[in-house]
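To start, the structure itself, in C-alpha coordinates.
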Amino acid sequence: MILTGADAIFSGLISGIVATAVMTVTEIPSWRKWGLLGVFEWHENQVLSTRFFHIPRDTLSFKYIFFLHFLNGSLAGIAFPLILSILDIPITQDYVLVSSVAYGFMLWIVTLVPIHKPITRYSVWNHQLGHLPAIASLIGHLIYGLVLGIVIMINY
(Lines give C-alpha, C1' and ligand atoms only; values in the text may rest on other atoms or scores of the structure.)
Protein backbone atom coordinates (compact mmCIF):
# COMPACT_ATOMS: atom_id res chain seq x y z
CA MET A 1 0.00 0.00 0.00
CA ILE A 2 1.17 3.53 -0.76
CA LEU A 3 -0.21 6.37 1.33
CA THR A 4 -1.30 9.44 -0.60
CA GLY A 5 -3.14 12.68 0.04
CA ALA A 6 -5.06 13.08 3.28
CA ASP A 7 -4.16 9.56 4.45
CA ALA A 8 -0.44 10.35 4.17
CA ILE A 9 -0.83 13.68 5.93
CA PHE A 10 -2.94 12.29 8.78
CA SER A 11 -0.77 9.20 9.26
CA GLY A 12 2.39 11.32 9.14
CA LEU A 13 1.00 13.83 11.63
CA ILE A 14 0.00 11.18 14.19
CA SER A 15 3.25 9.26 13.66
CA GLY A 16 5.31 12.46 13.92
CA ILE A 17 3.66 13.45 17.21
CA VAL A 18 4.18 10.01 18.74
CA ALA A 19 7.77 9.76 17.47
CA THR A 20 8.56 13.24 18.81
CA ALA A 21 7.11 12.32 22.21
CA VAL A 22 9.30 9.20 22.39
CA MET A 23 12.34 11.15 21.19
CA THR A 24 11.68 13.78 23.84
CA VAL A 25 11.66 11.14 26.57
CA THR A 26 15.02 9.81 25.31
CA GLU A 27 16.46 13.34 25.51
CA ILE A 28 15.62 13.85 29.19
CA PRO A 29 18.73 12.00 30.48
CA SER A 30 20.94 14.22 28.30
CA TRP A 31 19.21 17.32 29.66
CA ARG A 32 19.65 16.10 33.25
CA LYS A 33 23.34 15.36 32.67
CA TRP A 34 24.39 18.36 30.54
CA GLY A 35 21.57 20.87 30.78
CA LEU A 36 20.15 22.68 27.79
CA LEU A 37 23.50 22.77 25.95
CA GLY A 38 23.51 18.97 25.89
CA VAL A 39 20.22 18.64 24.01
CA PHE A 40 20.94 20.28 20.69
CA GLU A 41 17.34 20.45 19.46
CA TRP A 42 16.07 21.97 22.70
CA HIS A 43 18.93 24.47 22.73
CA GLU A 44 18.15 25.53 19.18
CA ASN A 45 14.47 25.90 20.05
CA GLN A 46 15.31 27.99 23.13
CA VAL A 47 17.41 30.37 21.03
CA LEU A 48 14.71 30.52 18.34
CA SER A 49 12.08 31.16 21.04
CA THR A 50 13.96 34.23 22.22
CA ARG A 51 13.90 35.54 18.65
CA PHE A 52 10.38 34.54 17.55
CA PHE A 53 8.47 34.99 20.80
CA HIS A 54 10.62 37.78 22.31
CA ILE A 55 11.43 35.82 25.46
CA PRO A 56 14.32 37.17 27.54
CA ARG A 57 17.50 35.18 26.83
CA ASP A 58 17.94 34.20 30.46
CA THR A 59 14.41 32.73 30.68
CA LEU A 60 14.16 28.99 30.05
CA SER A 61 10.77 28.37 28.44
CA PHE A 62 9.94 24.71 27.96
CA LYS A 63 6.51 25.72 26.69
CA TYR A 64 8.07 27.29 23.59
CA ILE A 65 10.90 24.76 23.33
CA PHE A 66 8.44 21.89 23.16
CA PHE A 67 6.02 23.77 20.93
CA LEU A 68 8.79 24.14 18.32
CA HIS A 69 10.06 20.61 18.97
CA PHE A 70 6.64 19.06 18.33
CA LEU A 71 5.97 21.38 15.40
CA ASN A 72 9.20 20.25 13.74
CA GLY A 73 8.56 16.59 14.56
CA SER A 74 5.00 16.79 13.25
CA LEU A 75 6.03 18.45 10.00
CA ALA A 76 8.83 15.93 9.50
CA GLY A 77 6.31 13.17 10.24
CA ILE A 78 3.95 14.50 7.58
CA ALA A 79 6.80 14.72 5.06
CA PHE A 80 7.86 11.09 5.51
CA PRO A 81 4.83 9.26 4.00
CA LEU A 82 4.62 11.93 1.30
CA ILE A 83 8.24 11.23 0.37
CA LEU A 84 7.52 7.49 0.36
CA SER A 85 4.56 8.16 -1.93
CA ILE A 86 6.62 10.29 -4.32
CA LEU A 87 9.33 7.61 -4.40
CA ASP A 88 6.64 4.94 -4.88
CA ILE A 89 7.82 3.00 -1.81
CA PRO A 90 5.07 0.73 -0.47
CA ILE A 91 4.06 0.67 3.19
CA THR A 92 5.46 -2.73 4.11
CA GLN A 93 7.47 -3.67 7.16
CA ASP A 94 10.71 -4.18 5.25
CA TYR A 95 10.61 -0.90 3.40
CA VAL A 96 9.12 1.37 6.03
CA LEU A 97 11.31 0.43 8.98
CA VAL A 98 14.56 0.70 7.01
CA SER A 99 13.37 3.88 5.31
CA SER A 100 12.19 5.46 8.55
CA VAL A 101 15.47 4.85 10.39
CA ALA A 102 17.36 6.22 7.37
CA TYR A 103 14.99 9.19 7.44
CA GLY A 104 15.81 9.80 11.12
CA PHE A 105 19.52 9.78 10.24
CA MET A 106 18.91 12.14 7.31
CA LEU A 107 16.94 14.51 9.57
CA TRP A 108 19.86 14.56 11.99
CA ILE A 109 22.30 15.42 9.21
CA VAL A 110 20.10 17.95 7.41
CA THR A 111 18.52 19.71 10.38
CA LEU A 112 21.35 19.65 12.87
CA VAL A 113 24.73 19.71 11.22
CA PRO A 114 24.33 22.82 9.05
CA ILE A 115 22.07 24.84 11.37
CA HIS A 116 23.11 24.18 14.98
CA LYS A 117 26.16 26.45 15.04
CA PRO A 118 24.54 29.38 13.19
CA ILE A 119 21.60 29.30 15.60
CA THR A 120 23.33 28.55 18.93
CA ARG A 121 26.94 29.55 18.17
CA TYR A 122 28.05 26.12 19.45
CA SER A 123 29.69 23.62 17.14
CA VAL A 124 28.23 20.13 16.86
CA TRP A 125 31.67 18.60 16.28
CA ASN A 126 33.80 20.73 18.63
CA HIS A 127 31.23 21.20 21.37
CA GLN A 128 32.37 22.27 24.81
CA LEU A 129 30.66 19.18 26.25
CA GLY A 130 32.50 16.86 23.86
CA HIS A 131 31.02 14.41 21.36
CA LEU A 132 28.51 12.66 23.60
CA PRO A 133 25.70 15.24 23.08
CA ALA A 134 26.05 14.80 19.29
CA ILE A 135 25.86 11.02 19.72
CA ALA A 136 22.84 11.38 22.01
CA SER A 137 21.19 13.60 19.41
CA LEU A 138 21.89 11.04 16.69
CA ILE A 139 20.41 8.26 18.81
CA GLY A 140 17.33 10.42 19.47
CA HIS A 141 16.84 10.99 15.74
CA LEU A 142 17.28 7.29 14.96
CA ILE A 143 14.67 6.47 17.61
CA TYR A 144 12.40 9.15 16.12
CA GLY A 145 12.72 7.48 12.72
CA LEU A 146 12.12 3.99 14.08
CA VAL A 147 9.03 5.02 16.04
CA LEU A 148 7.76 7.00 13.05
CA GLY A 149 7.94 3.86 10.91
CA ILE A 150 6.39 1.63 13.56
CA VAL A 151 3.41 3.96 14.10
CA ILE A 152 2.84 4.25 10.36
CA MET A 153 2.92 0.44 10.11
CA ILE A 154 0.40 0.16 12.97
CA ASN A 155 -1.92 2.72 11.36
CA TYR A 156 -1.89 1.01 7.99
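Looking only at residues in region 44-61 that are among the hydrophobic types (A, V, I, L, M, F, W, C) and open to solvent by 60 Å² or more (accessible area, probe 1.4 Å), the one that is modelled with the lowest pLDDT is Leu60. With respect to the conditions (1) closer than 25 Å to Ile135 by Cβ; (2) modelled with pLDDT of 90 or more; (3) open to solvent by 20 Å² or more (accessible area, probe 1.4 Å), Tyr64 falls short on a single one, namely (1). Among residues of region 91-104 being of a type in the set (A, V, I, L, M, F, W, C) and surrounded by 15 or more Cβ atoms within 10 Å (Cβ to Cβ), the one that is modelled with the lowest pLDDT is Ile91. Close Cβ contacts (under 7 Å, 6 or more residues apart or on different chains) running from residues in region 35-51 that are outside any helix (DSSP H, G or I) to residues that are aromatic (Phe, Trp, Tyr) comprise Val39/Trp31.
Cβ-Cβ distances below 9 Å connect the following pairs, each with a first residue in region 61-82 that is touching a residue at least 24 places away in the same chain (Cβ under 8 Å) and over 17 Å from Val22 (Cα atoms), a second residue that is in a helix (DSSP H, G or I) and open to solvent by 60 Å² or more (accessible area, probe 1.4 Å), and a separation of six or more residues or different chains: Pro81/Asp7; Pro81/Ile9; Leu82/Ile9. Selection over region 127-156 of residues that are among the small types (Gly, Ala, Ser) and open to solvent by 20 Å² or more (accessible area, probe 1.4 Å) gives a count of 2. Only residues that are under 12 Å from the mean Cα position of the chain (by Cα) and not hydroxyl-bearing (Ser, Thr, Tyr): list them for region 126-152, please. Of everything in region 126-152, those that are under 12 Å from the mean Cα position of the chain (by Cα) and not hydroxyl-bearing (Ser, Thr, Tyr) turn out to be Leu138, Ile139, Gly140, His141, Leu142, Ile143, Gly145, Leu146, Val147, Leu148.
For region 11-27, indicate whether the set of residues that are among the aliphatic types (A, V, I, L, M), at pLDDT below 95 and open to solvent by less than 40 Å² (accessible area, probe 1.4 Å) is non-empty. The answer is no, given that none of the residues of region 11-27 is among the aliphatic types (A, V, I, L, M), at pLDDT below 95 and open to solvent by less than 40 Å² (accessible area, probe 1.4 Å). Checking each residue in region 98-126 for being assigned to a loop (DSSP other than H, G, I, E, B) and in contact (Cβ under 8 Å) with a residue 60 or more places away in the chain picks out Ile115, Tyr122, Val124.
The values are calculated or read from the model by the stated rules, or taken from the named source; none is laboratory data. Quick caveat: nothing in here was measured; it's all calculated off a predicted structure. Reconstructed Cβ throughout: ideal geometry from the backbone, glycine too, with neighbour counts over all protein chains shown. Areas reflect the complete protein model, heavy atoms only, side chains present, ligands, DNA and RNA absent. Shrake-Rupley method; radii C 1.70, N 1.55, O 1.52, S 1.80 Å.
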